[in-house]
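This report concerns only the one structure given below.
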Amino acid sequence: MNMRLITVFAAIAVVLLALDAAGADGPRTGFQEWNAWREEIHLPADVVFVYSDEAARIKSWADRGFETWVMLGASWLDKQTDIVAQHPEIKQTISDGTPFEMIPGRAWVVPVQPWIDWFNRRVDKALDAGARGILPEEPEFFASTGYSESFKTAWRDHYGEPWRAPHESLENNWRAGRLKAYLFEEFFRQVCGHVKSRDASVACLVPAHSNPNYTDWKIIAPHHAFFALEDTDGFIAQVWTGTAKHAHMLGGEPFASAFHFAFLEYSYFAELVRGTRKQAWFLTDPVEDAKGAAWSDLEAWYEDTLAAALMHPSVNRYEIAPWPSRIFISSDLYGDGPVPESYKEQLFTIWKAQREIPEGGTWAGPVTTQIGFLTADSAMWQVGQGMNRFSGHIAPMLAAVRSGIPARVLPAERFAEPDYPPADIKLIVASFDAWKPVSPEIVQGMARWVKEGGVLLFLGGADEYDAMPLSWWRKQGMETPAAALLDALGLEMQRCKSWMPKVVPGLDTAAMISTQTRILDPAADAPFALSASGPLQATLPLTACAVQDARVLFSNG
């Protein structure tokens, strides 16, 4: 048995031993499948997410003892489907007037009323067939779109003014992103409200990629807005090899690790629902959407994401496989033959173990979980135009995990709640470069927490989106949201010093910056969670400002 596999089974064993033995409420493991029941894809799980509203297909799984939930695409479908043919104006459209089509043959839609009404008719079919859960998956509005007639109409209705092309200004882009988020929020308000009006005991969950992934991929899906809806019951965290294994810049170097990025993705969902009645389900995928990978690579990536999922003990619900037919029926899409028997045996062993992981409890030994890194829905609103801030946003989180610190990714919007963040968070790391606080209540909540004894490590500087005339901070007379935060803290920014990269002939900007860094050393009295991480390497340009009476956490030499 290889060391990777030993690590995975050790993680399962720790969770099983460390957690309290109380039973979970409802099903704990499931898988999604478009096929009717077949013996080859009968997995050891409690519920099947049937990717169809057809009664016969749903019944085929129910007859084998599975609870049946129905999963349907919230934003995409075959472009020949009747709703698209009847309402071509609902297709997401790019600036040249052509429909967005990432995958040939598919249409992505603007979720306006004709789409919502059509979708709810499919929900009715699923409920009539006995579905006990409705899962509108992947609510995705692409940053490059916003030019269809339905979106222009939605702009006029929402903002009370003529539509403005998103690409013509940063503020237009921001407002387009905010409207895209609102339209999907309204979609889930109506769809989940319809589900609950039919039967309040039926679950309505949001299967979606994570905030870090959607921000990186320039897709808009407002997780916190979905969370805040009364009739949503939680999320299925769609994290897998495809979202987790590609490279990100860290310390000026490309860094690719499925484990590290997946850990952050799972953390976001765990923290989004923490302390509430809402559920988080963690997806892992034994294969991958992209075809052609070797089985050995697929197994390694799966083990990385599984280990990352198991290191969040507050969650014990799992989607154990999307599309098991890809593993056991069309397995010739990968490697050079069917799934290896050893991998198959490993999967069934893990799936059975996941089904037994109980709810609640604590780890057997102490885990340093005191550091929270903030992100927000608005990170997705400012992608597509202006400087790409994502690398600087994700790098501190990746650096923490790479240093052995289990960073917690916190939704900034929850700082508007009076008792947020959780009591065990002692330090938060925040920057308003990649995202903006959408209300003054978020800034006030951050300031309240600091005044109550929390430590804030605030990074970043000026960003193009700070200058939006219609932003709440500009309306309050503040130049930036950071200035509003300092004002709420009763602090004043004084002198600043900047270190700029030197121009190196023959190197492009990215290569030039990657070779020029400054070392930031933790201050002598820095909190343990920071001092344990050791020196940080910051790429230029770098600006440091003096803030009167603020605590010094790092020295930049």
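The values are calculated or read from the model by the stated rules, or taken from the named source; none is laboratory data. What you are looking at is a predicted structure, and each value in this text was computed from that prediction instead of being measured. Here Cβ is always computed from backbone atoms with ideal geometry, including for glycine, and neighbour counts include all displayed protein chains.
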Working carefully through the options VAL443, VAL429, find the one that is hydrophobic (A, V, I, L, M, F, W, C), touching a strand residue (DSSP E or B) at 6+ places or on another chain (Cβ under 8 Å) and either assigned to a loop (DSSP other than H, G, I, E, B) or over 22 Å from GLU168 (Cβ atoms) (or both). VAL429
Name the one entry in GLY73, GLY26 that is within 21 Å of GLN238 (Cα to Cα) and in contact with a strand residue (DSSP E or B) (Cβ under 7 Å, 6 or more places away or on another chain). GLY73
Does ALA270 qualify as being surrounded by fewer than 24 Cβ atoms within 10 Å (Cβ to Cβ), outside the structural domain of HIS393 (by TED's automatic domain parsing), under 11 Å from the mean Cα position of the chain (by Cα) and not polar (S, T, N, Q)? yes
Show the residue pairs that are 6+ apart or on different chains and have beta-carbon atoms under 8 Å apart, the first residue being within the stretch 337-355 and free of Cβ contacts under 8 Å to residues at least 24 places away in the same chain, the second being charged (D, E, K, R) and in a helix (DSSP H, G or I). PRO338/ASP332
Quick test for you: out of LEU310, LEU306, pick the one residue that is modelled with pLDDT under 95, crowded, with 22+ Cβ neighbours inside 10 Å and not polar (S, T, N, Q). LEU310
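Could you pull out the residue among GLU345, GLU417, GLU356 that is under 30 Å from ARG28 (Cα atoms), modelled with pLDDT under 95 and outside the structural domain of ILE220 (by TED's automatic domain parsing)?
Values: GLU345 fails: modelled with pLDDT under 95; GLU417 fails: modelled with pLDDT under 95.
None of the other options fit; the residue is GLU356.
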Only strands (runs of 3 or more DSSP E) wholly contained in the stretch 227-280 count here; list those with 2 or more residues that are modelled with pLDDT of 95 or more. 234-237
Odd one out for ALA407, checked against (1) in contact (Cβ under 8 Å) with a residue 60 or more places away in the chain; (2) in contact with a Lys or Arg (Cβ under 6 Å, 6 or more places away or on another chain): (2)
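For the stretch 28-57, how many residues are in contact (Cβ under 8 Å) with a residue 40 or more places away in the chain and not in a loop (DSSP other than H, G, I, E, B)? Don't jump to the end; show me each part of the working.
Initially, the stretch 28-57 is screened for residues in contact (Cβ under 8 Å) with a residue 40 or more places away in the chain, giving 28-35, 38, 40-41, 43-47, 49-50, 53-55.
Remaining after also requiring not in a loop (DSSP other than H, G, I, E, B): 29-33, 40-41, 47, 49-50, 55.
Qualifying residue count for the region: 11.
Going by what's in this entry, would ALA85 be described as at pLDDT below 95 and not in a loop (DSSP other than H, G, I, E, B)?
Working: at pLDDT below 95: yes; not in a loop (DSSP other than H, G, I, E, B): yes.
So ALA85 fits the description; yes.
How many residues, within the stretch 196-206, are closer than 16 Å to GLY73 by Cα and either of a type in the set (S, T, N, Q) or crowded, with 24+ Cβ neighbours inside 10 Å (or both)?
2
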Residues in the stretch 1-41 that are assigned by TED's automatic domain parsing to the domain that holds GLN354, at pLDDT 55 or above and not hydrophobic (A, V, I, L, M, F, W, C) total 2
Within the stretch 312-320, identify whether any single residue is in a helix (DSSP H, G or I), in contact (Cβ under 8 Å) with a residue 24 or more places away in the chain and either farther than 23 Å from HIS42 by Cα or not assigned by TED's automatic domain parsing to the domain that holds ILE442 (or both), and answer yes or no. no
